[in-house]
Amino acid sequence: MQRRNFIRNSSLALAGLAFLSNKTLAQLLADPTWKIKMLTDTIGVFTEKGGTIVFMIGKEGLTVVDAQFPEQSQHLIDELKKRSQLPFELLINTHHHGDHTAGNISFKGLVKNVLAHENSKANQERVAKEKKNEDQQLYPNQTYADTWCQLFGKEEICMHYFGAAHTNGDSFVHFKKANIVHTGDLVFNRRHPFVDRSAGANIKSWIKVLDKAATTFNNKTIFVCGHAADGYDIVVTKDDIAAFSNYLSKTLIFVDAQIKAGKTKEEILKATEIPGAPEWKGDGIERPLTAAFEELSNG
Ligand SMILES: [Zn+2]
Ligand SMILES: [Zn+2]
């Protein structure tokens, strides 16, 4: 509140308010840029820049799922060290994209193990070689293929791989006792997704992956997704996942009909909304449209 009064009274604000977005003002005033929301006594969500992070302050150690960028993961590490003296047991990556793994490097020498799906590790290594930034990576030292589970005190963490989707290496990370799932970028809440065909993404398979999630988890499961549109929560329900699956289906149906009607890729990319999924709006519609066009044209 003091800060609010400061804004209200300061000449800076009076002079500049009309020209500055809230975000710029917040940055000017050096507000903490990150947020933590606890979902249970021990499991929380960290958001700042990049894919959502989930962490668990266990009785024996700390577990972190995804790492955003180096600056952000350092913010998280500093905050978790204030809340617990216990060691960092495990860092999990839901998939290889930089907004989830670039921050791994902050855990170098700090965390015992780094774990991801085997394709996520391979993708991370391939992209880092291409970008010549291998020195800025901390790669997983553990991988799995289908399912991986381990007990951490009273909590059991399971990772599930159901096939190609947003990439070919995305995991659902299930905190079984708390019944919380980090979906990584397998779910975008009301926001057009990145579909990374260069890393084996496939929309048809993605829909099947979400079907498997619907039968693996239950109505009480709390889902934390990688990204949400402005004004939408990153904590979602089974219904939101069904809505995202419907959006992916409707994208394929729309693009297929356009191709059959003889439309070119450029004409298809002019669409501003996916018919049957109007809640997905804003920037980035060209990404799923392009991916659907390429997938339906080339398989
Ligand atoms: Zn992401
Ligand atoms: Zn991603």
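Readers should treat all values here as calculations from the given coordinates under stated rules, not as data from a laboratory. Model, not experiment: these values are computed from the prediction. Cβ coordinates were reconstructed from backbone atoms using ideal geometry, including for glycine residues, and neighbour counts include every protein chain displayed.
Give me the Debye-computed log₁₀ of I(q)/I(0) at q = 0.14 Å⁻¹ for segment 218-299, equal point scatterers on Cα only, no solvent, two decimals. Log-scaled intensity ratios, in q order: -0.53.
Restriction of the trypsin sites (Lys or Arg not before Pro) in segment 124-177 to DSSP coil positions whose beta-carbon has at most 11 other beta-carbons within 10 angstrom yields 132, 154. Per residue, the average separation of C-alpha pairs within less than 8 Å and at least 6 apart gives segment 173-299 a relative contact order of 31 percent. By DSSP, the beta bridges lying fully in segment 90-187 are antiparallel in about 70 percent of cases. Please give the FRET efficiency for residue 154 paired with residue 281, using the beta carbon to beta carbon distance and R0 = 45 Å, rounded to the nearest 0.05. Between residue 154 and residue 281 the formula returns 0.60.
May I ask you to compute the full-extension gain from residue 290 to residue 132, defined as 0.36 nm times their residue separation minus their alpha-carbon distance, rounded to one decimal in nm?
54.2 nm
Couplings 3J(HN,Hα) for segment 51-57, derived from phi with the Karplus relation 6.51 cos²θ - 1.76 cosθ + 1.60 (θ = phi - 60°), are x, 3, 9, 10, 9, 10, 9 Hz, where x marks Gly and Pro. Over the Cα atoms of the chain, the radius of gyration divided by the Kirkwood radius equals 1.00; this is the Rg/Rh ratio.
Here each label is just a point 7 Å from Cα along the line to Cβ, and for residue 142 and residue 263 those points are 4.7 nm apart.
In the chain, Cα pairs under 8 Å separated by at least six residues give a relative contact order of 12 percent. Over the chain, DSSP H runs of length four or greater, each weighted -39,500 (n - 2.57), average out per residue to a 222 nm ellipticity of -10500 deg cm²/dmol. The string of couplings for segment 265-270 from the Karplus curve (6.51, -1.76, 1.60, θ = phi - 60°) is 4, 4, 5, 5, 5, 6 Hz, one whole number per residue in order, with x for Gly and Pro.
Candidate membrane-span-like segments in the chain, meaning DSSP H helices with Cα atoms spread over at least 18 Å of their own axis and a Kyte-Doolittle mean of -0.5 or above, are 203-216, 238-260, with no membrane implied. One decimal place: the segment residue 38-residue 273 gains 81.1 nm when fully extended, by the rule 0.36 nm per residue minus the C-alpha distance.
Sorted from longest to shortest, the spans of the Cα atoms of segment 68-154 along the three principal axes equal 38, 31, 18 Å. When each of the peptides 65-78, 82-95 is scored by how many other beta carbons lie within 10 Å of its residues on average, the order from highest to lowest is 65-78, 82-95.
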